[in-house]
1. Region 230-341: D in µm²/s via Stokes-Einstein (Kirkwood Rh, Cα pairs, 10 °C, 1.306 mPa s)?
2. Please work out the average accessible area per residue across the chain, using the 1.4 Å probe convention, and give it in Å².
3. To the nearest Å, what is the center-to-center distance of region 307-331 and region 1-73, using C-alpha atoms only?
4. What do you get for the angle between helix 26-37 and the principal long axis of the chain? Use alpha-carbon atoms, 0 to 90 degrees, nearest ten.
5. Rounded to the nearest 0.05, what FRET efficiency do Ser244 and Arg274 give with R0 = 25 Å and r taken as the Cβ-Cβ distance? Could you check?
6. Tell me, Kirkwood radius of the chain from alpha-carbon pair distances, in Å?
7. Please find, in a Gaussian network model of the chain (springs between Cα atoms separated by less than 10 Å), the residue of Asp230, Asp145, Asp165 whose mean-square fluctuation is greatest.
8. Give the residue list of trypsin sites (Lys or Arg not before Pro) in region 161-240 that are DSSP loop and have at most 16 other beta-carbon atoms within 10 angstrom.
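The values are calculated or read from the model by the stated rules, or taken from the named source; none is laboratory data. Please read all numbers here as calculations on a predicted model, not as lab measurements. Neighbour counts run over all protein chains shown; Cβ positions are idealised from the backbone, glycine included. Accessible surface areas use protein heavy atoms only, side chains included; no ligands, DNA or RNA. Shrake-Rupley method; radii C 1.70, N 1.55, O 1.52, S 1.80 Å.
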Amino acid sequence: MQKSDDVERARLLVELARVAEQHQKTAKAQSLYDDALAQFAEDSLDPFLPDVLRWKGTLLREKGETESAFRCYTKSLEKATLIGSESAVAHALNCLGTIAQRRGDQKETERLYSQAAEFAQRARDSRLLGMIEQNRGVLASMRGDFGQAAAYYSNSLGAFEVAGDAEPMSWVLNNLGILHTKIRNFDEARGHLERGRAIAVNRGDAVVENVTTLNLAEVWMGLGRLDTADKFCAMALEQAQRRSDHLSAAGALKIRAAIERKRGALDKSIATLRIAIFEAEGAEDRLLHAEMLRELGEISRAVGNAGAARSAWREAVDSYEAIGASQEIAEVEAQLDQLPG
């Protein structure tokens, strides 16, 4: 039987871990989560244990350590199932859905989000239902179903606004920014992202601040404001490196490579993209992989190497097909058609 003193110590360690996360001390936060988990016996069925496993998993996921995050979420689900907590089961399934989505497994993603919603409804966890609705919006947006994605996001944001729940509001606003960036509605994208970033800064949420900063860099690039885009890109890269977040660092370097390409600094662009590819290694993010291949094609075309551009874009199409990104597939195939020879 788990001792109450051990659980209380675990709770204190988790509180310290969350504070460390807020201050971008990722290594310290991970160590504190490990110390918290060490307070539980191997066969413990304490209701707090699935939460600790899930929070550690999310820290690892945001760093780009996808397989390690998957193992934490799987263990969280196992413990939640044995404990019989429908809410904890729903949370674990939702988190596993984000991993399946990153890996490009569409059927598994749909299954996990659907199961998560069922358990969340049973647990009457409206906040989690809103989070799942948002994640379904991300999936719909990836597939090019922008109307459905907007509906998911609108429902989710409305519920969080009524509840006055700022944290998930910032997540939805970020996703709305990404959606409007995709359809090249950059001014509206900027509005959503700036609002989401302001919430994150006010809350001391380094992860969401970093993500929204990075997405704003892409918006500014879309608006043709390369100097501003570069400034936001530099901020996002510095934040990601401070947090040892390899995935966000790779995303920032990919955007920097695009900025350098647009400025005509093609040698620098190629070098930057190579570093981005190295940073993303092992993260298993199929979407980012496809985006980097697409940028490689852009750079190759810019230097006059149509063969390399064709090879990169064909590989990008394969990656986009794996995740069902219909709009991106159509755009890259159009670029392929325009290549000489």
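1. 112 µm²/s
2. Numbers: 15450 Å² over 341 residues.
On a per-residue basis, 45 Å².
3. Comparing the Cα centres of region 307-331 and region 1-73, I get a distance of 38 Å.
4. 30 degrees
5. Numbers: r = 20 Å, r/R0 = 0.80.
The value I calculate is 0.80.
6. Details: mean 1/r = 0.0480 Å⁻¹.
In the chain this quantity evaluates to 20.8 Å.
7. Of Asp230, Asp145, Asp165, the Gaussian network model singles out Asp165 as fluctuating most.
8. Working: sites: Lys182, Arg184, Arg190, Arg195, Arg197, Arg203, Arg225, Lys231; in loops: Arg184, Arg225.
Counting only loop positions with at most 16 other Cβ atoms within 10 Å, the trypsin sites (Lys or Arg not before Pro) in region 161-240 are Arg184, Arg225.
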